[in-house]
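Please read the structure below before turning to the comments.
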Amino acid sequence: MLSSLLLALLLLAAAAEADSINGESSCSNRTCGFTTVSYPFGFSAGCPVPLNCSHSGVVLLGTYPVRNFTANSLILDVSASCNRSIADAGVLFRDNLAMTASNALFLRECPENAVPECRINTDIISQRLNLSSCGPSGDDIRCYSTGRTEGFYSEENFTATAGRCRLLFTSVRYGESAFNQSMLVFGAAEVGWWLRGECRCAVDAACIPVELPAGNGSTGFRCSCNEGFAGDGFADGGGCVRVPKCSSSDQSCKKDDIKVWVIIGGIGAGSSLALAATLLCYCIFCRTNGGAETEEAATRRLLLSGTSCNNTVAVYSHKDIERATANFSDAYKLGSGAYAIVYMGRFSAAGGLVAIKRLKHPDTDNVVHVINEIKLVSSVSHPNLVHLLGCCIGRGHHILVYEFVPNGTLSQHLHRQLGDGLPWPARLVIAAETASAIAYLHTAVHPPIYHRDIKSSNILLGYDLRPKLADFGLSRAVAPESSHISTAPQGTPGYVDPQYHQNFHLSDKSDVYSFGVVLVEMITAMKVVDFRRDPSEVNLAALAGDRIAKGKVEEILDPVLREKSDGGQSMESVKKVAELAFRCLAFHKEARPSMAEVAEELERIRVEEEGGHDHGKDEEAAKEMVSPPFSCVKEQWGSEPSCSSSSLSAASSSSIHNR
């Protein structure tokens, strides 16, 4: 036993010495707030790709918040800003970083003819964002892009062209369907990363060559762990460890798990032999105590396992959640459904409100499945998708933390639970942007994601009535070679694809059908299932399909739209959307359009509608119909909030409400 202990100490000391040589010890700080990033990223000067950490625990590249990490890039938040200097964009070009060609930059205050026209029309930005807030010259905007979909921007060309402008207004990122308007992701920029020199990958990792931008050297590399292994893949980082293939209840799994952590400890230890001995003793103690590990540590480990990507999902303790919700006080409760109770919360006196979703029946037997769902939600980045901020996964509790969306759901507005109804232009914007988000899930994410529970109560509205698609609890990632998945039907009655109910075949066209029902709901403001109607018309899809086919849309039109219609222009737009909904509701999925086609068609209808409409007047009308945004006054942090009834009702369904 003693000889084994001495041998282990010598091995750990050797690993620690190797670390001091390869530089891992100079990149030891890789935690920011609740977020832990993998090598080569970190918050020390010695990290190959250094990042910044704000006082509030937000990961930054320069001044840009990092939304997400992928295996080969960082996704940055470049939300619209009237006064962002173009000089700030210099941080997007470093020795190990460059902006990818999948970005288009929208610039302001440029010399005449300084920036050649790019393939994305600047009218798109003007239509989606309120440029008047930027002053008289707000509409003076130029688009700059490489004209390619692969590779990187050249820093030299960027400086010579975009650098002549004074301000960077925003960035738009596009997916594989390059320059297809439905695929654009607003307010985001993708920055690729690599390491230089000869490949230094771990034994169980593959070296991936990267062709660098012009003027940046010949090639770089990244490392990716082989199948069956997890980790950052770098010889100078944490390397790769084998992923145990056994259940958490298997005692041999616990023993193997301890061995894995001993290996990780050896790789990541400092140069101190005493520290190595302490680590070994701690692991021996863990073995004696059955491999005990804190719930937060286990969650972080699972979030980072099985992928070469980093994960920016914050991991909260149960005490954090209790404090944020005043121990799940009823005063903080926003709503309750069959699957979860939603609370509002705040993690610090200066922090913003969040929506905290506490699952009623946590899947305690399959934590890995829950973690995979969290990975799924956190892997997407689109302005019209609700953003997952963090989680708390433990024995007997699964809690998800989302951004707070303040203006209730589309369903509440359509059915007059909030306000007096929305004008048609506002509904059209909501439809177009929601379709864009679903199309993004289907075509710009790999593997594609099917939502499986699209309905009006899962479309949340922000202060400006911009939609956020919520509730990925029924989502399922799909292998690229699969055109459908056979699974038990799930979803909400009235929205579920009838073919899906019969043969259990799930496809992207199932989401198309559900969205078609939402379009009809936006036109009619009728209940999706109403037993007070004629038996043949209980289902709204059947009722609407009959009237649309007969050219009698006016018979089912929401009275609010009829009263507020300006006549020809809006009514023509309503009919076009009704015809599109009719195609989405086709019984045979082969006859339905794709979500990309739906998004493109809705965007075209919306642009036509705005071309002949006083949009500013409609926005003012919409604002008058919206209940005041959620606000609570707290005399002291930790006490119960004091909320007006109107503001509480506006938030009662906010962010990942009932299914």
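Just so you know, in the stretch 497-527 the residues that are part of a loop (DSSP other than H, G, I, E, B), touching a residue at least 24 places away in the same chain (Cβ under 8 Å) and surrounded by fewer than 24 Cβ atoms within 10 Å (Cβ to Cβ) include one that is nearest to the chain's Cα centre (by Cα), and it is Ser507. Restricting the stretch 431-451 to residues that are touching a residue at least 60 places away in the same chain (Cβ under 8 Å) and in a loop (DSSP other than H, G, I, E, B) leaves a set whose member that is surrounded by the most Cβ atoms within 10 Å (Cβ to Cβ) is His451. Checked against the criterion of being crowded, with 24+ Cβ neighbours inside 10 Å and either under 19 Å from Asp511 (Cα atoms) or small (Gly, Ala, Ser) (or both), the candidates Leu428, Leu422 yield just one match: Leu428. Sub-7 Å Cβ pairs linking a first residue in the stretch 91-102 that is of a type in the set (Asp, Glu) to a second residue that is assigned to a loop (DSSP other than H, G, I, E, B) and surrounded by fewer than 23 Cβ atoms within 10 Å (Cβ to Cβ), at least 6 apart or interchain, are Asp95/Arg196, ordered by first then second residue.
Restricting the first member to the stretch 56-83 and to residues that are free of Cβ contacts under 8 Å to residues at least 24 places away in the same chain, and the second to residues that are surrounded by fewer than 21 Cβ atoms within 10 Å (Cβ to Cβ), the beta-carbon pairs closer than 6 Å and six or more apart or on different chains are Leu60/Asn52; Leu60/Ser54; Pro65/Val58; Pro65/Asp77.
State yes or no: is Leu428 in contact (Cβ under 8 Å) with a residue 40 or more places away in the chain, part of a loop (DSSP other than H, G, I, E, B) and not polar (S, T, N, Q)? Considered against the rule, which asks whether it is in contact (Cβ under 8 Å) with a residue 40 or more places away in the chain, part of a loop (DSSP other than H, G, I, E, B) and not polar (S, T, N, Q), Leu428 comes out as no.
Within the stretch 528-561, the set of residues being charged (D, E, K, R) and either in contact with a strand residue (DSSP E or B) (Cβ under 8 Å, 6 or more places away or on another chain) or assigned to a helix (DSSP H, G or I) (or both) comprises Glu537, Asp546, Arg547, Glu554, Glu555. Residues in the stretch 301-321: is at least one farther than 22 Å from Lys375 by Cβ, buried (at least 20 other Cβ atoms within 10 Å of the Cβ) and modelled with pLDDT of 85 or more? Taking every residue of the stretch 301-321 in turn, none turns out to be farther than 22 Å from Lys375 by Cβ, buried (at least 20 other Cβ atoms within 10 Å of the Cβ) and modelled with pLDDT of 85 or more. Among the conditions (1) under 17 Å from Ile454 (Cβ atoms); (2) at pLDDT 85 or above; (3) outside the structural domain of Leu561 (by TED's automatic domain parsing), Val380 misses just one, which is (2). Total residues in the stretch 452-476 satisfying the condition of being closer than 17 Å to Pro406 by Cβ and either in a helix (DSSP H, G or I) or in contact with a His (Cβ under 6 Å, 6 or more places away or on another chain) (or both): the figure is 2.
Filtered by the rule that a residue be under 16 Å from Asp95 (Cα atoms) and out of contact with any Pro (no Cβ under 9 Å at 6 or more places or on another chain), the stretch 37-49 gives Ala45, Gly46.
Of the residues in the stretch 175-189, at least one is modelled with pLDDT of 85 or more, in a strand (DSSP E or B) and under 30 Å from Ser594 (Cβ atoms). Report the residue count in the stretch 61-80 for those that are farther than 11 Å from Ala189 by Cα and either assigned to a strand (DSSP E or B) or out of contact with any Ser or Thr (no Cβ under 7 Å at 6 or more places or on another chain) (or both). Residues that pass the stated criteria total 6.
The values are calculated or read from the model by the stated rules, or taken from the named source; none is laboratory data. Computed from a predicted structure; not experimentally measured. Quick reminder, even Gly has a Cβ in these numbers, built from the backbone with ideal geometry, and neighbours come from all protein chains shown.
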